[in-house]
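Written below as structure tokens is the structure these notes are about.
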Amino acid sequence: MSNKTMIQIENLYRTFHHAGNAMPVLKDINLSIGQGECVVLKGVSGSGKTTLLSLIAGLDKPSSGKVLIEGEPISKLPDLFASELRAKKIGMIFQHFNLFEHLSVNENVTIPLIPSGLKMKEIHEKVDDALKVANIMHKKEVLASRLSGGEKQRTAIARALVASPNIILCDEPTANLDRDNSLLFIEILGELHRMGKTIVIATHDPLFDSLSFESTVIPMVDGMIG
């Protein structure tokens, strides 16, 4: 495994202001995640783990400190460039799946590739590859609104994979799944780990405490790394 640093977080603070009050959500986070590592950010709701994930993805900006993705300061980039960097390097899997319900599985997974300028043949190949890894090929033409929770999550995995990102971020990925589907999800994560993806999971699900593949659990308490 290479020791190339994929995600570097330095002296990161994030404070939200509400009705004149400052609410510190993240305090002095320092973290380095290497290529192919799987990191589980573990903590109760409100511990700051989802905010940290948003900052890694460039969906939010820090109050101070830095987030570097493969050496590029995503935290300092204007939104347009941050979203371009995210589209190339980061796949995201959310708790609520965030699918377009009126579109098919195939269409949902195709969407991230539309701006890529690839030929349709290449797009179809990439989509099919992602559907196979996520084990949802058999539902390719089914509307998202007709899928079960587990099938929706597998479609979301395929969508996260389709642009071949090196980094996969998962926010409470099993929160809306039953135990069987959660275990299936973890199995697919193991597959992504074997493919050399760098994976960061924010969760409070005890199923992530002892994964069958190598992972590092990082406890988060009150906006700090425990």
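The values are calculated or read from the model by the stated rules, or taken from the named source; none is laboratory data. Keep in mind it's a predicted model, so treat the numbers as computed, not measured. Reconstructed Cβ throughout: ideal geometry from the backbone, glycine too, with neighbour counts over all protein chains shown. Just so you know, the surface numbers come from the protein's heavy atoms only, side chains and all, with ligands and any DNA or RNA stripped out. Shrake-Rupley method; radii C 1.70, N 1.55, O 1.52, S 1.80 Å.
Can you give the calculated 222 nm mean residue ellipticity of the chain, where each DSSP H run of n ≥ 4 adds -39,500 (n - 2.57) and the sum is split over every residue, rounded to the nearest 500 deg cm²/dmol?
The helix contribution divided over the chain gives -9000 deg cm²/dmol.
Which GluC sites (Glu not before Pro) does the stretch 1-86 hold that lie in a coil by DSSP with at most 12 other beta carbons within 10 Å?
Sparse-neighbourhood loop GluC sites (Glu not before Pro): none present.
Which pairs, out of K76/K119; K4/K76; K42/K66, put more than 23 Å between their alpha-carbon atoms?
Listed pairs above 23 Å: K76/K119.
Just going by the charge dipole of the stretch 10-162, with Lys and Arg at +1 and Asp and Glu at -1 on Cβ, which of G71, I157, F81 is farthest out on the positive end?
Among G71, I157, F81, the one farthest towards the positive end of the dipole of the stretch 10-162 is I157.
For every other residue with a beta carbon closer than 12 angstrom to the beta carbon of K4, add +1 if it is Lys or Arg and -1 if Asp or Glu, then tell me the sum.
Net charge in that neighbourhood comes out at -2.
Nothing charged except the Cβ atoms of Lys and Arg (+1) and of Asp and Glu (-1): what's the magnitude of the dipole of the chain about its Cα centre? Round to the nearest 20 debye.
360 debye
Under 1.5 on a/c is rounded, so check that first for the stretch 45-156, then, if it is not, pick prolate when a/b is larger than b/c and oblate when it is not; a ≥ b ≥ c are the square roots of the alpha carbon gyration tensor eigenvalues.
Oblate.
So what's the angle, to the nearest 10 degrees on a 0 to 90 scale, between helix 179-194 and the longest Cα principal axis of the chain?
Around 80 degrees separate the two axes.
With r defined as the distance between the Cβ atoms of D28 and S148 and R0 fixed at 41 Å, what FRET efficiency is calculated, to the nearest 0.05?
The computed FRET efficiency comes out at 0.45.
Farthest toward the dipole's positive end in the stretch 136-226, which of M195, C170, T216, given Cβ charges of +1 (Lys, Arg) and -1 (Asp, Glu) about the Cα centre?
Result: M195, furthest along the dipole toward the positive end.
Roll a 1.4 angstrom probe over the protein heavy atoms and tell me the percent of accessible area of the chain that is carbon or sulfur.
Answer for the chain is 53 percent, counting heavy atoms of protein chains only.
What are the semi-axes of the equivalent ellipsoid for the chain, taken as the square roots of 5 times the Cα gyration tensor eigenvalues, largest first, in whole Å?
For the chain, the semi-axes come out at 28, 20, 17 Å.
Taking the Cα centre of each part, how many Å lie between the stretch 114-148 and the stretch 51-88?
27 Å
Residues of the chain: accessible area per residue at 1.4 Å, in Å²?
49 Å²
Can you tell me the 0 to 90 degree angle between the C-alpha axis of helix 120-133 and the longest principal axis of the chain, rounded to 10?
Result, in degrees: 70.
Any idea what log10 I(q)/I(0) is at q = 0.18, 0.21 Å⁻¹ for the stretch 65-120, Debye with uniform C-alpha scatterers and no solvent?
Values returned for q = 0.18, 0.21 Å⁻¹ are -0.78, -0.94.
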